[in-house]
Every structure is written in C-alpha cells, then in structure tokens.
Amino acid sequence: MTSEVARIAPGDRHDLGLLNSVITKVGARYMKARSANLFTTMGRNRKLFRVWLRFGSAMMPRGTLPRRDTELMILRVAYLRSCTYEFTHHERIGRSIGLTDDDIADITHGPTATRWTDRERTILRAVDSIHQTRDISDELWSELAGYLSESDLIEVCLLITHYEMLATFISTLRIQDDTFMTTGRK
C-alpha cells in the first residue's frame, strides 16, 4: 500500500451512478473485498470505466489463453512494476485457478526460475522484455510463435501492455490497497 493519499478518492453511489455502483459492489463481493478502490476510482469516469471493464475482461477472465499463463503474466507485470494493488488481487485470483505458493514466490525470479515449463519461461521472458524495452526481439518473437497462434500472440501483447497501463494508472492516482474480508462471508 502506498503511504500517500489517493489523488482521486474512490467514488460513492452518487459519483459512480447506479450502474457503476452496482458493478463495483458485485466486483467487491466476488473478490471478497470490503472495498474495490480501483473500480470505485475509475468508475467516477462512468463511460471509460465500462469500456475499460469490457476490454480488460475480454482478456481476463474471458481470454483464450490458459488462465495459468494469464495470471503468471499479470503477476510478473505487477511484481516488475512494484504494484502491490495489482499483485495482491492477482495472487488471490491465481490461487483460485490453481497457482501454488511456490509458483507465486517464483514470480520474483521471473523466467530464470527452474519450475517453469519452456512455454511459461518464454512467456515470462516476453513480459520482462516488454517491461524493459517496450518491445520483443525477433528471436524471442520466434520462440513465442513456436508456442502460440497469431491470435494468442496478439492477446499476449495486449495483456502485458494492458497491465503495464493499469499499474501506471494505480500508481499515478495513488489508489489505496483494498481491504479483504477475513471471514468466509461473501
């Protein structure tokens, strides 16, 4: 969590409008969170929030890539960007789709961790490459193309850059970490 004050406070029902307010409450309940600060902050721009939500959810959770690959990429971006908000949420999501404690711990080692399959290592190298250079070398692209269809390659590029953008948004607006429920209640 950042110690700084949020630059734009999360909105309430009046700020969000009825539809965005309902969306944020459903999202918080699904995440078992007391708050959904990303949603209630972005939701203050009513139109862009809904467009962004549709775009983002087309890749996660409704993308064509295996969910494990998707969550590994998102967690790696969050780690590289030091985005606690993003990492905490996707650590929880990752566990719900089968990532282990060791998988999550090895995100910090990136593609050099020995646990990854060749495919996972190549995908994580793509995350690191886009993060560091905003590009993927021809050599790495050829390796990725050995594992992924053209459609999947597009999704990988969009997913990585989307979560880079989201980490920038979270950091720039100083969005505060959410508080999660500790009970089994929804």
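The values are calculated or read from the model by the stated rules, or taken from the named source; none is laboratory data. Since we're looking at a predicted model, the values are computed, not measured. FYI the Cβ positions are ideal-geometry reconstructions off the backbone, even for glycines, and counts take in every protein chain you see.
Consider region 59-89 and keep the residues that are within 15 Å of ILE154 (Cα to Cα) and part of a helix (DSSP H, G or I). The one that is modelled with the lowest pLDDT is MET59. Checked against (1) β-branched (Val, Ile, Thr); (2) more than 22 Å from GLU164 (Cα to Cα); (3) buried (at least 16 other Cβ atoms within 10 Å of the Cβ); (4) at pLDDT 95 or above, THR117 meets all criteria but (3).
Residues in region 78-90 that are out of contact with any Ser or Thr (no Cβ under 9 Å at 6 or more places or on another chain) and touching a residue at least 60 places away in the same chain (Cβ under 8 Å) were compared, and the one that is nearest to SER171 (Cα to Cα) is GLU86.
The set of residues in region 69-83 that are more than 9 Å from the chain's Cα centre (by Cα), buried (at least 17 other Cβ atoms within 10 Å of the Cβ) and within 17 Å of ASP177 (Cβ to Cβ) comprises TYR79, ARG81, CYS83.
Going by what's in this entry, would GLY98 be described as over 15 Å from TYR163 (Cα atoms), over 16 Å from the mean Cα position of the chain (by Cα) and either modelled with pLDDT of 95 or more or not in a loop (DSSP other than H, G, I, E, B) (or both)?
Working: over 15 Å from TYR163 (Cα atoms): yes; over 16 Å from the mean Cα position of the chain (by Cα): yes; either modelled with pLDDT of 95 or more or not in a loop (DSSP other than H, G, I, E, B) (or both): yes.
Yes: the conditions hold for GLY98.
Among residues of region 13-32 that are in the same structural domain as ARG44 (by TED's automatic domain parsing), those with a Cβ under 6 angstrom from a residue that is in a helix (DSSP H, G or I) and of a type outside the set (Ser, Thr, Tyr), sequence gap 6+ or separate chain, pair up as GLY17/ARG46; ASN20/ARG46; ASN20/PHE49; SER21/ARG13; THR24/PHE39; GLY27/PHE39.
Checking each residue in region 1-12 for being surrounded by fewer than 16 Cβ atoms within 10 Å (Cβ to Cβ) and free of Cβ contacts under 8 Å to residues at least 40 places away in the same chain picks out SER3, ALA9, ASP12.
Scanning region 139-157 for residues that are surrounded by 15 or more Cβ atoms within 10 Å (Cβ to Cβ) and aliphatic (A, V, I, L, M) yields LEU140, LEU144, LEU148, LEU153, VAL156.
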